[in-house]
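Engineer: Have a look at the structure that comes next, please.
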Amino acid sequence: DAGITQSPRHKVTETGTPVTLRCHQTENHRYMYWYRQDPGHGLRLIHYSYGVKDTDKGEVSDGYSVSRSKTEDFLLTLESATSSQTSVYFCAIKTAGTNEQFFGPGTRLTVL
Amino acid sequence: GQQVMQIPQYQHVQEGEDFTTYCNSSTTLSNIQWYKQRPGGHPVFLIQLVKSGEVKKQKRLTFQFGEAKKNSSLHITATQTTDVGTYFCAGQEGNFNKFYFGSGTKLNVKP
């Protein structure tokens, strides 16, 4: 699916520790997204990127930062993880022509 | 801020019955997309609607976009067990960069 990989796929960490999730794409798409998925909330946008070093906030950006130093990688960082950030995190790319989103396999993060 | 409401949250049907999920936006949308997520999987794009009053069909699936571009529906005729999953709508406003997802409708089909 559009060559999107996420790492790690599963992570358990403790409150207060920093965590970085990686999204990698192989097809040179300009737009990349980070979502979190929680029961009853669907997918909520955390941050997105519209190019190298160009990022913008989504609806639930507090407590998260992102970086995109090269086209293929979009990193999501939790500076100091909290239990409320326990979730499944999906990365996605958007195709320029058709406006479709293709999602990565997801990362299940548990913060104890 | 922008909100997209989706109902129902759950739907259990007997195989062969029809199914419909509805989305309503608090603001006028530029377009609306539909995604399907199988249990344990990731969302997969189904379709995008752009025009007011647009209706599109994919085999047993019928997608509609309201005249005011604030609501949409997905109807599945004669459900099959392969239709099991959660269906999400996602709307965009004038800025085509952000997507606002509904909370999803989880469909269970009993054989």
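Engineer: Look at region B:81-111 and say how many of its residues are within 10 Å of chain A (Cβ to nearest Cβ), closer than 19 Å to B:His12 by Cα, part of a loop (DSSP other than H, G, I, E, B) and free of Cβ contacts under 8 Å to residues at least 60 places away in the same chain.
Structural biologist: 0
Engineer: Shifting gears a bit: Spot the failing condition for B:Gln33; the list is (1) under 10 Å from the mean Cα position of the chain (by Cα); (2) away from every other protein chain (no Cβ under 11 Å); (3) in contact (Cβ under 8 Å) with a residue 24 or more places away in the chain, and only one is missed.
Structural biologist: Condition (2) is where B:Gln33 drops out.
Engineer: Among the candidates A:Tyr35, A:Tyr31, A:Tyr50, A:Tyr89, which residue alone is under 26 Å from B:Lys106 (Cβ atoms), within 10 Å of chain B (Cβ to nearest Cβ) and among the hydroxyl-bearing types (Ser, Thr, Tyr)?
Structural biologist: Matching residue, one of A:Tyr35, A:Tyr31, A:Tyr50, A:Tyr89: A:Tyr35.
Engineer: Note down all Cβ pairs under 8 Å where the first residue falls in region B:46-68 and is closer than 17 Å to B:Glu93 by Cα, the second is among the hydroxyl-bearing types (Ser, Thr, Tyr) and outside any loop (DSSP other than H, G, I, E, B), and they're at least six residues apart or on different chains.
Structural biologist: Short answer, once both residue conditions are applied: B:Leu49/B:Ser72; B:Phe65/B:Ser72; B:Gly66/B:Ser72.
Engineer: Quick one: in region B:1-28, of everything that is in a loop (DSSP other than H, G, I, E, B) and within 17 Å of A:Leu43 (Cβ to Cβ), which residue is modelled with the highest pLDDT? Full working, then the answer.
Structural biologist: First, pick out the residues of region B:1-28 that are in a loop (DSSP other than H, G, I, E, B): B:1-3, B:8-9, B:15-18, B:26-28.
This time we only want the ones that are within 17 Å of A:Leu43 (Cβ to Cβ), so: B:1-3, B:9.
Working: B:Gly1: 68, B:Gln2: 73, B:Gln3: 85, B:Gln9: 95.
In this case the residue turns out to be B:Gln9.
The values are calculated or read from the model by the stated rules, or taken from the named source; none is laboratory data. Not measured: the values here are computed from a predicted model. Quick reminder, even Gly has a Cβ in these numbers, built from the backbone with ideal geometry, and neighbours come from all protein chains shown.
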